[in-house]
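Coordinate-derived values only; no laboratory data. On a predicted model such as this, the values are computed, not experimentally measured, just so you know. Using ideal geometry, Cβ is built from the backbone for each residue, glycine included, and neighbour counts are taken over all protein chains shown.
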Amino acid sequence: MDFRVLGPVTVRTDSGERVASGGKLWTFAALLLVHPGETVARERVIAEIWNGAPPPSAGANLRTYAMGLRRLLGSRAGRFTGHPAGYRLDVEPVEVDLCVFERHAAAGRAALPGDPATAAEHFGRALGLWRGAPLAGPRHGPVLAMTAEILDEQRLNVGEDRFAALLDLGRYEEAAGGLRRHLAGHPLRERAWVQLMTALYRQGDPAAALAAYADARAALADGLGIDPGEELRALQQVVLRRDELPSPRRALTTATVAAEPAAPRQLPRVTPFFVGRAAELAAIRSALEAVPDGPVAVAVHGPGGVGKSALVLRAAHAAAARFPDGQLYADLRGTSLTSAPVPATTVLARFLRALDVPSAEISGDPDEDAARLRSVLADRRVLIVLDNAAGAEQVTPLLPATAGCAVLITGRRPLDPLDAIVLPVNPLSEAEAVRLLAELAGTERIDAEPEAAARVVRHGDRLPLAVRVAGARLAARPEWPVAMLADRLDDDAARLDELRHGDLAVRTCLRVGYRDLAAADPVAARALRLAGAAGLSQVRAQAVAALLDDVPRVARDALERLADAQLVHAEGPDSCRMHDLVRLFAAELAAAEDGGDGDAALRRLASHYLGTAREAARCLRDDPVAEIADDWLEPDWAVPPPFAGPSEAVAWLEAERDGMVALARRLADTPDRSARLAIDLMWVLQSYLPRGGHWSDYALLAEQARRVAGRLGDRRGEILAWTILSGADQQASRFDAAAEKLNRALGLAQRTGSPTGEASVLSHLGHLYQLRGDDGRALTYYARALSRYELMKLPLQRGLLLHNIGEIHLARGDAEEAVALLDAALRLQRDCRDRLGAALTLAMLTVAYCELDRHDAAQANGTEAVRLAAETGHRQAEWLALLGRAESLLRLGRVEESREAANTALEVAARPADDYRRALATYALARTADALGRVTEARTLWDRATALRATTRTPPLPVLERLLHLPTASAR
């Protein structure tokens, strides 16, 4: 043979045999050899050689490679022709090992029903042509990569066909030995396990047959997450009952048995790197094992890179034995960046030829050929896999119409018009993604750096494609620590560049989805770009309306289109989640395409956010000190919607918190006045963010605001920023760092003559010393701040100070004085509509009244505190009130009610997670268990709480530790 592809690509030339190298000329030659006698379009050749990223000189370079191929062919150069439609290599079938392989395989399958000896000979000759991995040598583009997978699968199928012939001939020992070697390399081949069990049982070794079944079950569970199929299970029962198998077929002459057509087995090989998806595999298997009146169709959809093809091919291989008349496969290229979707007529022709319909009977008319396909499939059991579908119209002509057949379809969009079982596929869990990374990069390596591995997969949004890229990069760089790749992925600007390795690139996958979206819906494409430019992860209709400068209805339609395109994940009627990789890609597109329009869009969104956040904050606390200048806002978009009450305001703030902080970061370095967004949001959200436990967001916002305020000379903003950053340090018990920031803020306030700023810093210094346990200095600072607030007639701030002073008295054991101070604070807070302050003061009164054993008052204040805290999102107040109520109920002997309140406090402490608050809630639960006589449970809970309390850096709350009779925690 002059041309070989079943191993290293080889061409016999005038000067001898030439083995392929990695050059582009050999990629060109290999592409023509796998399409012998066919014209291959220039565009397909270019896409294959340059793997979808051709240079501007690709056309000229291709002509050079064509000349090189003619020189390589020498005296047979006339067989190679080029014309405007493409290139063609005319070869005789006997000259190409692939054609000879297919001829022997077909002859073997034709002989198998009646002449297994002849079949075994043909199968052996077919397998003897193989010299290694197919198409080795040249670099693979998409076609050669897929062809290599298909050829590998054909080789495995022919091997199993040969084993079938050996079983029919009674050569059980030979078959068993070959099958064991075969399964050692391919343990997920269910048909081969059936053959091995059959060979062993016919040899008279049922124990070995049952051991093989156990091995098969373990391999399928580990590799696919599924149980053995129906045929394997049935064979196990035969062996267990020691029933007889049907007698092997005796060799008959081909004159007495008509040759049956060969069953096509076109499934590409499955990737060895596969984790999770147990539920999805089970759903597909259940659908394929059902006995419906008509054909089964399962349509799998999900975002690019989520692993739809790998899932479906794994399921198809597992179910192949249920479809003895063959398995058909077609890549419909609906998600290809370099070629158009494959027309249904092309796929129909391929399928009909595979099912032994003569080419002369294939009309090329889609309706006629579709009807012919349905007729051919009517009495057969065939599995069809349609990969990467563009839409229902591409798939519909390829569907069978009768029971017995099944179709598995993958595509990014849900194929709504089809009568199919719809199966969405989502990213892996973090644990599954880390397992996949370990399979690719090495288990020991990943186990040694679990935190870095988790960062890597999170940066890839847990998409299998991104994890595969990361794993390939680590495998190629064994000297890299995993943390090094994680650090490189930390950089938003470089992340998509880092997620590229060889032919794998996340950006290319995203570009396909965006290209299709932009062609179908430019408005939705613009919405995606602008949302990415704003840094939004949670994308809501009103925000999109501001970006588009349009009405909410248009924004909602755009979000629906984005969800259909699998570029965002719908989470509600007006809300979608955008994964980080899509967001980064969209931001790149915006920078390239939107320019000044993008800047104006961000100003509109900033105006919408700030105007609405200001109104929401007023629903929680009407603080005149937090007023801002709004002359830089876009007036049309700064008008807030009306809020029905605090709960609705908190819901909006919770939903838009990430977006507001992200946009403030984006605008902080802009030269125009919209950079003030960080400063103004800091003022507006200074009550909501810390009370909701969002200290990381608050500190991030304050750091951006500090930079902008310093650049713009806004000393008032700088003072508040340093104060907030000090508060973040206090939450982590970094008291020295907190004091340094507060002293810097105090100096700024005194130099610039800011009485409100100075009073605020003095108040925060008092709180700092209160947390450190220095009550004397705390009261001194509080007194200085209180006198200033009284002079400025600021009752809201006075209420906050009276609360803190009352808390100190309560911690010292003077509950009566504490109640008097807290009552005075509550009156001020109610007078100035400070709902946040009132919630916390009511919670503290609950604790104080419990200390005084005035439990009716404790329960009344606690109930009101929980209600108000839940309305305003004040999680600290809600948690404190619940624990105060729990202790009061316990002292009243209402233990089950106390337990319920403590459990609710534990749930509140988990949103967001706070180990100190979880510890105290667990202590409260331990006290209820002890009161019920559950000694073991009480000890377990107490030990758990003690462990949590020992590791947390959150400053202790002495009033509550005193209430729960805990040993005093030293100030950290």
Using the Cα atoms of the range 343-407 to build a convex hull, what is its mean projected area in square nanometres?
4.0
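Can you give the Rg to Rh ratio of the range 430-494, both from alpha-carbon atoms, with Rh computed by the Kirkwood formula?
Details: Rg = 10.1 Å, Rh = 11.1 Å.
Rounded to two decimals, Rg/Rh equals 0.91.
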Considering the zone a paramagnetic label at E17 would reach in this model (a point 7 Å from Cα along the Cα-to-Cβ line), which residues of the range 97-126 have amide N under 15 Å from it?
97-98
Relative pair counts by distance (%), Cα atoms of the range 383-494, 10 Å bins:
13, 35, 18, 20, 12, 2
Phi to ³J(HN,Hα) by Karplus 6.51 cos²θ - 1.76 cosθ + 1.60 over the range 185-201, Hz, x for Gly, Pro
x, 9, x, 9, 8, 5, 4, 5, 5, 4, 5, 5, 4, 4, 4, 5, 5
Going Cα to Cα from K24, which aspartates and glutamates come in below 17 Å? Please leave out same-chain ones fewer than 8 positions away.
E43, E48, D503
Taking only Cα atoms of the range 794-963, what ratio of Rg to Rh do you get with Rh as the Kirkwood inverse-distance radius?
0.97
How many percent of all Cα-Cα pairs in the range 784-858 sit more than 14 Å apart?
56
Normalised by the empirical 2.2 N^0.38 Å for globular proteins, what value does the Cα Rg of the range 278-424 take?
0.98
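Can you run the Rg to Rh ratio on the range 170-250? Use alpha carbon positions and the Kirkwood inverse-distance Rh.
0.95
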For R875, what charge total do you get from the other residues with a beta carbon under 10 Å from its beta carbon, if Lys and Arg give +1 and Asp and Glu give -1?
+1
Take the Cα radius of gyration of the chain and divide it by 2.2 N^0.38 Å, with N its residue count; two decimals is plenty.
1.19
Across 10 Å bins beginning at 0, the whole-percent shares of Cα-Cα pair distances in the range 618-767 come to 11, 40, 37, 11, 1
